[in-house]
Amino acid sequence: MSIVETDTSAATAPDQRANALVTQLREQFGDQVLCEQATLTGMPVLWVNRGVLVEVLATLRRLPEPFEMLFDLSAIDERLRSHRHGLPKADFTVFYQLLSVSGNRDIMLKVALFEQDLSLPTVISVYPNANWYEREVWDMFGVHFEGHPNLYRILMPSTWQGHPLRKDHHARATEFDPYTMTVESQDKEQQALKFKPEDWGMKRHSEHTEFMFLNLGPNHPSAHGAFRLVLQLDGEEIIDCVPDIGYHHRGAEKMAERQTWHSFIPYTDRIDYVGGVMNNLPYVLAVEKLAGIQVNARIQTIRVMMAELFRITSHLLFLGTYLQDLGAMSPVFYAFTDRQKGYDVIEAITGFRMHPAWFRIGGVMQDLPKGWDRLMQGFVNWMPPRLKEYEKAMMENSLVRDRTKNIAAFDTENAFAWGVTGPNLRATGCDFDLRKKRPYSGYENFDFEIPLAHNGDAFDRGQLRIEEMRQSVKILQQCINNMPAGDYKADHPLTTPPPRERMLEHIETMITHFLQVSWGPVLPGNESMQMIEATKGINSYYLTSDGSTMSYRTRIRTPSFPHLQQIPVLMRGGFVPDLIAHLGSIDFVMADVDR
Amino acid sequence: MAYTLTRAEDAVAADNASYPLGKRQSVEDPMKQQVHRSVFTGKLADVLNSTVNWGRKNSLWPYNFGLSCCYVEMTTAFTSPHDIARFGAEVIRASPRQADFMVIAGTCFMKMAPIIQQLYDQMLEPKWVISMGSCANSGGMYDIYSVVQGVDKFLPVDVYIPGCPPRPEAFLQGLQLLQDSIQQERRPLSWVVGDQGVYRAEMPSQREKHRDRRIQVTELRTPDSV
């Protein structure tokens, strides 16, 4: 109960290295670096002038311990924000979050923009994966990026009017006229989706051959959901391809601006929809930072246990579909049988299968039921022999090997350039797992290893996940053996919902309880952020609170978004069956891309 | 039992016509009139119709179409622990032209809606639609700018399955309800025989049907033990 979370990533005291870096940038760029913003994000947040943005980014990219990866890029509509003391004036802010794997640290740059001049230079030359992020900012906020090669809408249909994440854009569908589709409008929308190679700088034919343009999706059995990929083909060979996303955009970030801090939790489940409570974790951790809640060891351990259980079920789904995409029929039946075993445990503990929304601000929904350990032990005993069998029956299968070895291989450099994280990054041999590098929620107390591979091909990505499942099983066993005692909710006024027993004490506590449940907790105005090692890579929630019952801006950085952006680089010159193998090996769900 | 009548010739794709195309009218069971005309041919038509319906409902080929989370639970119903083959619906087709029914398993996005309509149009009659999960039923928890508030805004839906997402068992129950409804349908036996209208039975609401039994439950299992 008294063990306090030691959160190394969110050290509130700015550390020496960060200070040195800020000083260095100030020396080099003088008053172009406007100010440093104090936040709870655990990283230096610098406001810089638009003129030096590209130069600052290039400098950071070239440091001896470089910021190799553009981790996230998005914007905030600042026009209605009241808690922004000491910050430069701005109507819109575009932020660039960089990640240094070698230095294991982050930095965020912010640029202030004004309504009459919403324009920025593109940073694709420094970080190639800025391409899609900039398109998203254009789509959602209407910020123009000069020099961007194809600044089209990415999430919304090209016929859409307005920019949804602006504060003056409607949020609810029911605020608008009811949806109708006529023959004419259907035809118009379909025409708007027509692919024009010239828009993407593609030629329709070469000297010798006329290229074929093939639509793979938006509904294709191997596309894992509503995902469209337009292929430029010369026979079986892929000359180039253009991924087209946005068919699964549920507006989760806008949704966060109209749900209470508490009632947004169920929406997080549906981001990476096979990750279940794993999605709750970064959100509640970020909210707890804003609220100043520290949870006890039992809560931490319960959260880790459930998250790891979901990692296993997610990886099992991956394994089944990955092999099915390669043409193997039976693995999916085996994998789903195991998933069912996992869901039996999940359901007994949380009461729901896929989206339990079981974590709470300052705790979990309820204590573990009596007899949970017996069920969990059953699952932990069940898995290892199955994993062994999968390895033997599937990964040693020569057909699987031929289809995946050296297919869509990339190295660590390429992974950094395209923002690849998680198992796909570790398959290139890069040892970067947040559970070890920046332990959160008590991961430092567990004994487990981070599996690595070296070729970074479709085979390694599959093999590595089997190994990850083994490690997760190991973590589950430790949870069963050492589950700490204690409360399932933290003793803090902002814990939501508050402990029920407290409500019945007197009228004062009753009123507080009522307000917190109906209006929701009021969090102090600040910014916080939490990254976690989710099932598919690094997932983070960057929360901006304006001192209200709702979030002012919630930025959800999902791992699958950059993973899809990388596809064309890997597939140029490949063959169609290799593409299918690669799509299977990425492990993405479209909700994790489009949010 | 009341029936809803639709006719293929009513579905004219004029530019300003909105989906779902065609007229729908409430009518009585057409088979009743048959019996009034001649008991023998009426009975014969009835038996033939039932036989054809029996064949149709037990060999439904689903279209392999998924939008979001619900699709995972739908796939779970296809795999061995739930085994959809028990209901004759395991022949999953990747092409709409070969499929009998389409499950809108997931959120219906405005960007996706015209595509869903096209895929539906590509399916051949007889065809059915199951709306799986809250999003497809009504928009569910996604009352947001990019989501159509229910797929029935443009597609005719036969069965609605509640849940977010529904369990695989719920999907299987929905499939069985569709089968029940198909058994009651009246479709032309051939394009040269008799009335060419499609009569769909108006099936009773499950919520009302089971209400009495449900409200009798007074004690729920405690969540404190497994």
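Can you tell me the accessible area per residue over chain A, all protein chains present, probe 1.4 angstrom, in square angstrom? Don't jump to the answer; show the numbers that get you there.
Numbers: 21270 Å² over 595 residues.
I get 36 Å² per residue for chain A.
Can you compute the FRET efficiency between A:Asp411 and A:Arg17 using 1/(1 + (r/R0)^6), with r the Cβ-Cβ distance and R0 = 22 Å? Round to the nearest 0.05.
Numbers: r = 27 Å, r/R0 = 1.23.
It comes to 0.20.
Past the 27 Å Cα-Cα mark, which pairs from A:Lys289/A:Lys536; A:Lys341/B:Lys209; A:Lys370/A:Lys489? Kindly include the intermediate steps, with their values, before the conclusion.
Working: A:Lys289/A:Lys536 24 Å; A:Lys341/B:Lys209 33 Å; A:Lys370/A:Lys489 17 Å.
Going by Cα-Cα distance, A:Lys341/B:Lys209 fall outside the 27 Å limit.
Return the value, in Å² to the nearest 100, of accessible area buried between chains A and B (probe 1.4 Å, both sides summed).
Numbers: alone 23740 and 13600 Å², together 32280 Å².
In total, this chain pair buries about 5100 Å².
So, R0 is 30 Å and r is the distance between the beta-carbons of A:His208 and A:Thr159; what FRET efficiency does that work out to, to 0.05?
Values: r = 37 Å, r/R0 = 1.24.
Efficiency for this residue pair is about 0.20.
Calculate the dipole size of chain B relative to its Cα centre from +1 charges on Lys and Arg beta carbons and -1 charges on Asp and Glu beta carbons; express the result in debye to the nearest 20. Walk me through the numbers on the way to the answer.
Working: 24 positive and 24 negative charges, 57 e Å.
Charge dipole of chain B: 280 debye, to the nearest 20.
For region A:173-250, what is the per residue volume of the convex hull drawn over the alpha-carbon atoms, in cubic angstrom?
On the way: hull volume 10.3 nm³, N = 78.
Convex hull volume per residue, Cα atoms: 133 Å³.
Out of the DSSP beta bridges found with both residues in the protein assembly as shown, what percent are antiparallel (nearest 5)?
Numbers: 68 of 86 bridges.
Of those bridges, close to 80 percent are antiparallel.
Which residue, A:Tyr267, B:Gln216, B:Gly133, has the largest displacement toward the positive end of the dipole of the protein assembly as shown when charges sit on each Cβ (Lys, Arg +1; Asp, Glu -1)?
Of A:Tyr267, B:Gln216, B:Gly133, it is B:Gln216.
Please work out the Cα center distance from region A:282-296 to region A:380-443, rounded to the nearest Å.
Cα centres, region A:282-296 to region A:380-443: 30 Å.
Ignoring everything except DSSP H segments at least 4 long, calculate the 222 nm mean residue ellipticity for chain A; use -39,500 (n - 2.57) per segment, divide by total residues, nearest 500. Mind dumping the intermediate values first?
Numbers: 21 runs with 222 residues, N = 595.
It comes out at -11000 deg cm²/dmol, rounded to the nearest 500.
Based on DSSP H assignment, which helices of chain A show an axial Cα extent of at least 18 Å together with a mean Kyte-Doolittle hydropathy greater than or equal to -1.0?
Numbers: long enough: A:16-29 (20 Å, -0.64); A:297-325 (41 Å, 0.50); A:331-350 (27 Å, -0.09); A:372-390 (27 Å, -0.80); A:458-481 (35 Å, -0.51).
Qualifying helices, which must be both long enough and hydrophobic enough, are A:16-29, A:297-325, A:331-350, A:372-390, A:458-481.
Using the Kirkwood formula over every pair of different C-alpha atoms, what hydrodynamic radius in Å results for the protein assembly as shown?
Details: mean 1/r = 0.0353 Å⁻¹.
This gives a value of 28.3 Å.
Helix check for chain B. Which DSSP H runs span at least 18 Å along their own axis by Cα, with a mean Kyte-Doolittle hydropathy no less than -0.5?
Working: long enough: B:39-57 (26 Å, -0.10); B:168-184 (25 Å, -0.18).
Helices meeting the criterion: B:39-57, B:168-184.
Kindly identify residues of region A:258-298 having a loss of at least 30 Å² in accessible area between the isolated chain and the assembly of all protein chains, probe radius 1.4 Å.
The answer is A:Tyr267, A:Arg270, A:Tyr273.
How many percent of the accessible area of region A:261-559 is carbon or sulfur, using a 1.4 Å probe? Mind dumping the intermediate values first?
Numbers: 5170 of 9520 Å².
Accessible surface attributable to carbon and sulfur in region A:261-559 totals 54 percent.
Evaluate the distance, in nm, between pseudo-label points positioned 7 Å from the Cα of B:Ala11 and of A:Thr509 along their respective Cα→Cβ axes.
According to this spin-label approximation, the distance is 6.3 nm.
May I ask you to compute the full-extension gain from A:Lys196 to A:Ser102, defined as 0.36 nm times their residue separation minus their alpha-carbon distance, rounded to one decimal in nm? Don't skip to the answer; put the middle values down first.
Working: separation 94, 0.36 × 94 = 33.84 nm, distance 4.11 nm.
Answer, rounded to one decimal: 29.7 nm.
Stretched out fully, how many nm does the piece from A:Val569 to A:Val517 gain, at 0.36 nm a residue minus the Cα gap? Please report the intermediate quantities before stating the final value.
Values: separation 52, 0.36 × 52 = 18.72 nm, distance 4.89 nm.
Contour length minus Cα-Cα distance gives 13.8 nm.
Could you tell me which residue out of A:Thr93, A:Trp160, A:Gln116 lies farthest along the dipole of region A:86-219 toward its positive end? Charges go on the beta carbon: Lys and Arg +1, Asp and Glu -1, centred on the Cα centre.
A:Thr93
Using the basic label-point model (7 angstrom from Cα toward the beta carbon), what is the A:Gln377 to A:Gln24 distance in nanometres?
About 5.3 nm separates the two model spin labels.
How many Cβ atoms of partner chains, on average, are near each residue of B:166-175 if near means within 10 Å of its Cβ? Before the final figure, lay out each step's value.
Working: counts 1, 5, 4, 0, 0, 0, 0, 0, 0, 0.
Partner-chain Cβ atoms within 10 Å, mean over residues of B:166-175: 1.
Please report the carbon-and-sulfur percent of the accessible area for region B:72-213; probe 1.4 Å, protein heavy atoms only, DNA, RNA and ligands left out.
Working: 2720 of 5320 Å².
In region B:72-213, the share of accessible area belonging to carbon and sulfur is 51 percent.
With a/c under 1.5 counting as rounded, go ahead and sort region A:16-146 into rounded, prolate or oblate using the C-alpha gyration tensor (a ≥ b ≥ c being the square roots of the eigenvalues; past the cut-off, prolate if a/b is larger than b/c, else oblate). Each step should come with its number before you reach the end.
Numbers: a/c = 1.66, a/b = 1.23, b/c = 1.35.
Oblate shape, in that a/c is at least 1.5 and b/c is the bigger or equal ratio.
Within 10 Å, count the other beta carbons around each residue, average over each peptide in A:406-415, A:206-215, and list them highest first. Walk me through the intermediate numbers first.
Numbers: A:406-415: 18.5, A:206-215: 11.4.
Taking the mean over residues of other Cβ atoms within 10 Å, the ranking is A:406-415, A:206-215.
Summarise the accessible area of region A:16-146 (1.4 Å probe, protein heavy atoms) by the percent that is carbon and sulfur. Don't skip to the answer; put the middle values down first.
On the way: 2340 of 4710 Å².
Summing carbon and sulfur atoms, their accessible area is 50 percent of the total for region A:16-146.
So what is the calculated 222 nm ellipticity per residue for chain B, using -39500 (n - 2.57) for each DSSP H run with n of 4 or more, over all residues, to the nearest 500 deg cm²/dmol? Could you put the intermediate results ahead of the total?
Numbers: 8 runs with 78 residues, N = 226.
Helix-only estimate at 222 nm: -10000 deg cm²/dmol.
Give me the dipole magnitude in Debye, nearest 20, for the protein assembly as shown about the Cα centre, with unit charges on the beta carbon: positive for Lys and Arg, negative for Asp and Glu. Walk me through the numbers before you get to the answer.
Working: 84 positive and 98 negative charges, 301 e Å.
Approximately 1440 debye in magnitude.
Within region A:315-404, report the GluC sites (Glu not before Pro) that DSSP leaves as loop and that have at most 15 other Cβ atoms within 10 Å.
Answer in residue order: A:Glu396.
So which residues of region A:177-200 lose at least 50 Å² of accessible area, probe 1.4 Å, when you go from the chain by itself to every protein chain present?
Hits at the 50 Å² cut-off: A:Tyr179, A:Met181, A:Val183, A:Gln186, A:Gln190.
Could you tell me, in Å, what Rg and Dmax come out for the Cα atoms of region B:1-81?
19.0, 52
Could you tell me the distance between the Cα centroids of region A:94-121 and region A:207-249, to the nearest Å?
When both Cα centres are located, 32 Å separates them.
Just B:His36, B:His210, B:His82 to compare: in a GNM of chain B, with alpha carbon springs under 10 Å, which one fluctuates most?
Between B:His36, B:His210, B:His82, it is B:His210 that shows the largest mean-square fluctuation.
Among B:Val151, B:Val159, B:Val192, whose mean-square fluctuation peaks in a Gaussian network model of chain B (Cα, cutoff 10 Å)?
B:Val192
Are there any trypsin sites (Lys or Arg not before Pro) in region A:247-283 that are in a DSSP loop and have at most 16 other Cβ atoms within 10 Å? List them by number.
Working: sites: A:Arg250, A:Lys254, A:Arg258, A:Arg270; in loops: A:Arg250, A:Arg258, A:Arg270.
Counting only loop positions with at most 16 other Cβ atoms within 10 Å, the trypsin sites (Lys or Arg not before Pro) in region A:247-283 are A:Arg258.
Counting partner chain Cβ atoms within 10 Å of every residue's Cβ in B:70-78, what's the average?
On the way: counts 2, 5, 10, 2, 0, 6, 7, 1, 3.
Mean shielding by partner chains, rounded to a whole number: 4.
Name the residues of region B:198-226 whose accessible area, probed at 1.4 Å, falls by at least 40 Å² once all protein chains are in place instead of their chain on its own?
At a threshold of 40 Å² (probe 1.4 Å), the residues of region B:198-226 that become less exposed are B:Pro223, B:Asp224, B:Val226.
Calculated FRET efficiency, A:Gln366 and A:Gln116, Cβ-Cβ r, R0 51 Å, to nearest 0.05?
Numbers: r = 53 Å, r/R0 = 1.03.
FRET efficiency, A:Gln366 to A:Gln116: 0.45.
At what distance in nm do the modelled label points of B:Ser80 and B:Ser225 sit from each other, each positioned 7 Å from its Cα along Cα→Cβ?
Modelled inter-label distance: 3.3 nm.
When the chain is fully extended, how far beyond the present Cα-Cα distance does A:Arg62 get from A:His169, taking 0.36 nm per residue of separation? Please list the in-between numbers first.
On the way: separation 107, 0.36 × 107 = 38.52 nm, distance 3.94 nm.
Full-extension gain reported as 34.6 nm.
The values are calculated or read from the model by the stated rules, or taken from the named source; none is laboratory data. Because the structure is a prediction, the values reported are computed rather than measured. Ideal geometry is used to build each Cβ from the backbone, glycine not excepted, and the neighbour counts take in all protein chains shown. Surface areas here come from the heavy atoms of the whole protein model, side chains and all, with no ligands, DNA or RNA. Shrake-Rupley method; radii C 1.70, N 1.55, O 1.52, S 1.80 Å.
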